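Chemist: Sending over a structure as structure tokens; questions will come in a sec.
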Amino acid sequence: MPQHFLHVFKANKRRIIWGAISLLLAGGFVSGAYFWEKAQKADITIYFFDVGQGDAIFIESYDGTQILIDGGPPNQILPKLGEVLPYFDHSLDAIVLTHPHTDHVSGLIEVLARYEVKTVIESGASYHTSEAVEFKKAVSEEGARRIIVDSQVEFSFYDGAKLKFLLPDKSYESAILKNVHDSALVSELDYKGKRILFMSDAEKNIEEKLARDGRVGDVDVLKVGHHGSKTSSQEIFLKTVKPEYAIISLGRNRYGHPHPDVLNRLASVGAKILRTDTEGTIILEIRNDQLILRAEK
Amino acid sequence: MVKITPYLLLAFLGGVMLRSFFDIPRDWILAASGLAIGFLIIFYFFKFDSKFLFFNLLFLVFVLGILRFSVFENKIAADKLHNYYGQTITLQGRVLSNALKQNSSRIVLETDLGRILIVKRIYPEYKYGDVLEVSGKVAEPEPYAGFDTAKFLAKQQIYSQMLFPEIKKIDYAPNKFLSSLFFIKDKFTKQLKTVLPEPYSSLANGMLLGEEGVLPKDILDSFRKSSTIHILVLSGYNITIVGSFIMSFFGFFLPAAFAWAISVAGIVLFTLMTGAEPAAVRAALMAIIGLVALRTGRQYLAISALLWAAFFMILWNPMYLRFDRGFQLSLLATLGLILLSSRLFKKLWFLPKLMGIREAASSTVAAQIFVLPLLISWGNEISYLTVPANMVIVSLVPTIMLFSFLSGIFGFIFLPISAIFAVVPYLLIKFQIYAATFFARF
């Protein structure tokens with residue numbers, strides 16, 4: 001038998017050698033591409049994915065810490081994540097569910113099914129839809145560490161970067177609320193003096209509380225609350241946070257988002273408005289202490 | 001006698017085809033068959049020349065084809081649900097299949113009164129064998145965007161639908177054999193999905209199983225515009241090519257007959273892994289016939305085998321002929337492979353024989369020429385770059401299928417190997433999407 005293989009090898013020597021060379025070249029190309037990508041990476045990259053009407057925000061740092069805030073409506077998030085995650089990467093460090101509405105939770109169910117998730121951060125509020133129930137089930141099946149935000153907490157990761165949760169300040173574990181927006185997780189990312197505020201679907205009452213208690217100050221980028229609805233982004237709040245950039249995550253909808261008044265108020269505090277429905281996925285990079293924003297359709 | 005069989009089979013298919021486009025009154029069909037049988041009797045007594053007998057038999061079989069379709073369509077008589085159109089009722093039934101759409105999912109429910117299509121929210125998900133109680137309004141399927149939904153559903157003997165009913169799961173009572181097939185399929189696709197990210201895994205799955213599933217709209221649009229969307233229809237032709245890959249790989253160090261047997265076994269394994277759904281079984285049958293043609297090079301044998309296979313499938317369900325894209329694609333592409341590829345092989349003398357490039361090109365072009373009329377009849381946009389676009393995009397499908405399949409199989413054994421195999425479909429699909437966006441621009 002070995003002689004038979006030797007014979008086969010001799011007869012196809014050239015082919016086999018060429019095959020080996022092309023395999024080596026392919027391997028070299030792949031590893032070259034990997035290191036090139038690594039060298040190009042910013043300190044912090046934040047993707048405001050274009051997932052239609054909903055929120056899905058992905059934060060990645062240079063050292064590879066990955067956090068996903070909300071998953072958007074069904075069947076949107078996975079292709080977006082597939083594009084930004086490296087091929088062999090099948091895990092996320094943390095996912096955050098800001099509140100259990102369908103346009104925030106659905107994609108997270110899919111993410112839990114596909115990726116290994118180490119930590120789940122949420123308010124714990126209960127909601128009656130099948131999506132919210134399914135999410136609870138998926139989290140317990142995943143066996144991930146579950147963190148209920150019930151007071152101001154912060155998570156430090158790369159080079160002094162911090163993700164701070166500003167609200168809620170009490171536990172909503174298993175609570176049934178008239179308006180689940182009241183339990184929304186509001187968070188802020190701080191890195192070398194740059195501040196990005198994620199408002200989820202927080203409404204007027206939460207904005208007032210944040211401004212009154214002095215929990216927020218001047219920020220660089222504001223993820224506008226509730227997809228640009230008129231329930232949010234009150235003048236007094238905007239004057240406190242004074243964003244340079246305002247990002248609205250939305251798609252075609254029947255609620256009239258974004259409300260023209262909101263757009264006016266944002267413009268009047270001098271914010272440059274970026275929308276996922278018209279510009280696609282919005283990518284924010286912090287690189288050499290500079291904020292760089294671009295959009296990708 | 002043997003020589004006329006292919007013509008008779010064609011006549012039968014022709015009858016079914018005619019009837020699937022036009023409604024022919026039953027009286028006419030009965031009169032025509034009476035006529036044909038009458039002539040046959042006359043022939044028996046008067047002994048005209050055999051040409052007369054030939055055309056008479058042809059006519060008789062043609063009419064039988066028409067009759068087969070009419071009889072099948074009358075199956076609606078056995079369905080009782082269509083008597084409840086417009087009424088709100090509560091039904092109990094077993095889930096036969098479950099398909100995910102962009103914002104909803106569709107399940108087919110087998111009830112005592114007949115089959116019904118249920119459109120529901122994505123969650124909670126139900127699987128094959130679940131027994132559900134649904135209450136809602138029974139309705140007639142409506143045409144959607146110029147698409148005759150009712151006929152497509154009638155193919156599966158579904159004549160009614162229910163939109164967003166109240167659903168309660170009451171039991172799980174599957175058929176043991178089928179549920180184990182579904183289990184394998186589920187496991188297989190899950191393995192593939194853990195190693196391949198989206199949208200690549202959905203596309204790989206679509207090519208393997210012929211399910212469109214849920215894909216980003218811009219990607220689907222590019223495939224549509226470059227008239228290559230049929231990569232998501234499972235075609236026996238592609239399986240034939242996969243089989244020939246396996247054959248040439250093992251042919252490298254094993255006797256040809258062994259290599260052939262292994263590749264047929266590979267196709268059977270593939271069919272099992274993909275749940276042995278009727279569409280996959282049909283495609284696999286055609287693929288094995290295609291392999292016979294490639295292996296023996298005997299055209300007549302291959303064609304009559306293909307026609308017999310088509311005949312039995314159409315006899316089983318005559319609606320496939322017009323309403324099942326997988327069937328149409330398999331039939332025509334395999335026919336092109338049998339009839340044209342060896343001739344093209346000589347014409348393409350300028351291509352190198354190295355690594356089977358010329359062979360691959362000739363079979364792709366042959367299949368493509370035969371499939372082109374189908375693409376037009378499906379109402380796809382046909383650009384003048386259709387042929388190069390298909391050469392580039394569709395000819396990658398068998399390689400993607402082979403490596404996704406290997407990756408899925410190795411997922412059962414050792415995940416890292418599975419991930420390495422999946423690199424091939426990952427890169428090739430990336431290229432396909434890129435090429436489709438490029439060709440869609442013209």
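Chemist: Treat every Asp and Glu Cβ in the stretch B:61-189 as -1 and every Lys and Arg Cβ as +1, leave all other atoms uncharged, and give the resulting dipole magnitude about the Cα centre to the nearest 20 debye. Display every interim value, and only then the final one.
Modeler: Details: 18 positive and 13 negative charges, 68 e Å.
Computed charge dipole of the stretch B:61-189: roughly 320 debye.
Chemist: For peptide A:79-88, how many partner chain Cβ atoms fall within 10 Å of a residue's Cβ, on average? Can you show the working numbers first?
Modeler: Details: counts 12, 3, 2, 8, 6, 1, 1, 1, 9, 6.
Average per residue, whole number: 5.
Chemist: So how tilted is helix A:2-11 from the main axis of chain A? Cα-based, degrees 0 to 90, rounded to 10.
Modeler: That helix lies at roughly 80 degrees to the long axis.
Chemist: By the gyration tensor of its Cα atoms, with a ≥ b ≥ c the square roots of the eigenvalues, what is the shape of the stretch B:188-439: rounded for a/c under 1.5, prolate for a/b over b/c, or oblate? Could the numbers behind the result be given before it?
Modeler: Numbers: a/c = 1.26, a/b = 1.09, b/c = 1.15.
Rounded, because the longest to shortest axis ratio a/c is under 1.5.
Chemist: For the protein assembly as shown, what is the Kirkwood hydrodynamic radius in Å, using each pair of distinct C-alpha atoms?
Modeler: 29.3 Å
Chemist: Once amide H atoms are placed 1.01 Å from N in the peptide plane, what residues at a sequence separation of 5 or more from A:Ile247, or on another chain, have their amide H within under 5 Å of its amide H?
Modeler: Counting only residues 5 or more places away or on other chains, the set is A:Leu222, A:Lys223, A:Val224, A:Leu274.
Chemist: In whole Hz and in residue order, list the ³J(HN,Hα) couplings for the stretch A:52-61 that follow from phi through the Karplus curve 6.51 cos²θ - 1.76 cosθ + 1.60, θ = phi - 60°; x for Gly and Pro.
Modeler: Computed from phi, the couplings for the stretch A:52-61 are x, 6, x, 10, 7, 10, 10, 10, 9, 9 Hz.
Chemist: Of all beta bridges DSSP finds with both residues in the stretch A:1-110, what is the antiparallel percent, to the nearest 5?
Modeler: On the way: 9 of 12 bridges.
For the stretch A:1-110, the DSSP antiparallel bridge percentage is about 75.
Chemist: Related question: Specify the inter-centroid distance of the stretch A:46-85 and the stretch A:199-232, based on alpha-carbon positions, in whole Å.
Modeler: A separation of 21 Å, based on Cα centres.
Chemist: Take every residue in peptide B:195-202, count the Cβ atoms of other chains within 10 Å of its Cβ, and give the average of those counts. Intermediate values should be presented prior to the final figure.
Modeler: Numbers: counts 3, 3, 14, 11, 5, 4, 4, 4.
Partner Cβ neighbours, averaged per residue: 6.
Chemist: Normalising by the residue count of chain B, find the relative contact order in percent from Cα pairs under 8 Å and 6+ residues apart.
Modeler: Computed over chain B, the figure is 15 percent.
Chemist: While we're looking at this one, here's another question. Take A:Leu177 and B:Ala139, extend 7 Å from each Cα along the Cα→Cβ direction, and tell me the distance between the two endpoints in nm.
Modeler: 3.5 nm
Chemist: Ok, one more. Per residue of B:31-42, count partner chain C-beta atoms within 10 Å of its C-beta, then hand back the mean as an integer. Mind dumping the intermediate values first?
Modeler: Numbers: counts 0, 0, 0, 0, 0, 0, 0, 0, 0, 0, 0, 0.
Taking all residues of B:31-42 together, the mean is 0.
Chemist: Report, by chain and number, residues whose modeled amide H sits under 5 Å from the one on A:Leu167, excluding near sequence neighbours (fewer than 5 apart, same chain).
Modeler: For A:Leu167, whose amide H was placed from the backbone, the distant partners under 5 Å are A:Val186.
Chemist: Separate question: Quick check on packing: order A:225-231, B:277-283, A:258-264 by the mean number of other C-beta atoms within 10 Å, highest mean leading. Working shown, then result.
Modeler: On the way: A:225-231: 23.6, B:277-283: 21.1, A:258-264: 16.6.
Highest-to-lowest ranking by the protection proxy: A:225-231, B:277-283, A:258-264.
Chemist: Need one number: nm distance between label points at B:Tyr7 and B:Lys217, each 7 Å from Cα along Cα→Cβ, rounded to one decimal.
Modeler: So the two model labels end up 5.4 nm from each other.
Chemist: State log₁₀ I(q)/I(0) for the stretch B:5-73 at q = 0.17, 0.21, 0.24 Å⁻¹ as given by the Debye formula over alpha-carbon point scatterers of equal weight, solvent excluded.
Modeler: So the normalised log intensities are -0.59, -0.83, -0.99.
Chemist: Just the number, please: percent antiparallel of the DSSP beta bridges in chain B, rounded to the nearest 5. Numbers along the way, then the final one.
Modeler: Working: 30 of 35 bridges.
Counting DSSP beta bridges with both partners in chain B, the antiparallel share is about 85 percent.
Chemist: Roughly how far apart, in whole Å, are the Cα centres of the stretch B:376-417 and the stretch A:265-297?
Modeler: Using only Cα atoms to place each centre, the spacing works out to 37 Å.
Chemist: Follow-up question, since we're still on this one. Convert each backbone phi in the stretch B:289-294 into a coupling constant with the Karplus relation 6.51 cos²θ - 1.76 cosθ + 1.60 (shift: θ = phi - 60°), then list the ³J(HN,Hα) values in order as whole Hz, x for Gly and Pro.
Modeler: Per residue, the Karplus-derived 3J(HN,Hα) values read 4, x, 5, 4, 4, 5 Hz.
Chemist: Same structure again: Note the direction-averaged projected area, equal to a quarter of the hull surface, for the Cα convex hull of the stretch B:81-172, in nm². Don't jump to the answer; show the numbers that get you there.
Modeler: Numbers: hull surface 22.1 nm².
The directionally averaged projection comes out at 5.5 nm².
Chemist: What nm distance separates the two modelled labels at B:Lys168 and B:Phe438, each placed 7 Å from Cα along Cα→Cβ?
Modeler: The two pseudo-label positions are separated by 5.8 nm.
Chemist: Give the average over all directions of the projected area of the C-alpha convex hull of chain A, one decimal, in nm².
Modeler: 19.6 nm²
Chemist: 5 Å is the cut-off here: which amide hydrogens, built 1.01 Å from N in the peptide plane, fall below it relative to A:His99, excluding neighbours closer than 5 in sequence?
Modeler: A:Leu185
Chemist: Quick one: what are the phi-derived ³J(HN,Hα) couplings along the stretch B:365-376, Karplus 6.51/-1.76/1.60 with θ = phi - 60°, whole Hz, x for glycine and proline?
Modeler: Result, rounded to whole Hz: 5, 4, 4, 4, 4, 6, 7, 3, x, 5, 4, 5.
Chemist: Compare the Cα positions of A:His227, B:Gly136, B:Phe258 along the charge dipole of the protein assembly as shown (+1 at Cβ of Lys, Arg; -1 at Cβ of Asp, Glu; about the Cα centre) and return the one farthest towards the positive end.
Modeler: Final value for the positive-end residue is B:Phe258.
No lab work stands behind these numbers, since they all come straight from the coordinates. Computed from a predicted structure; not experimentally measured. All Cβ positions, glycine included, derive from the backbone under ideal geometry; neighbour counts span all protein chains shown.
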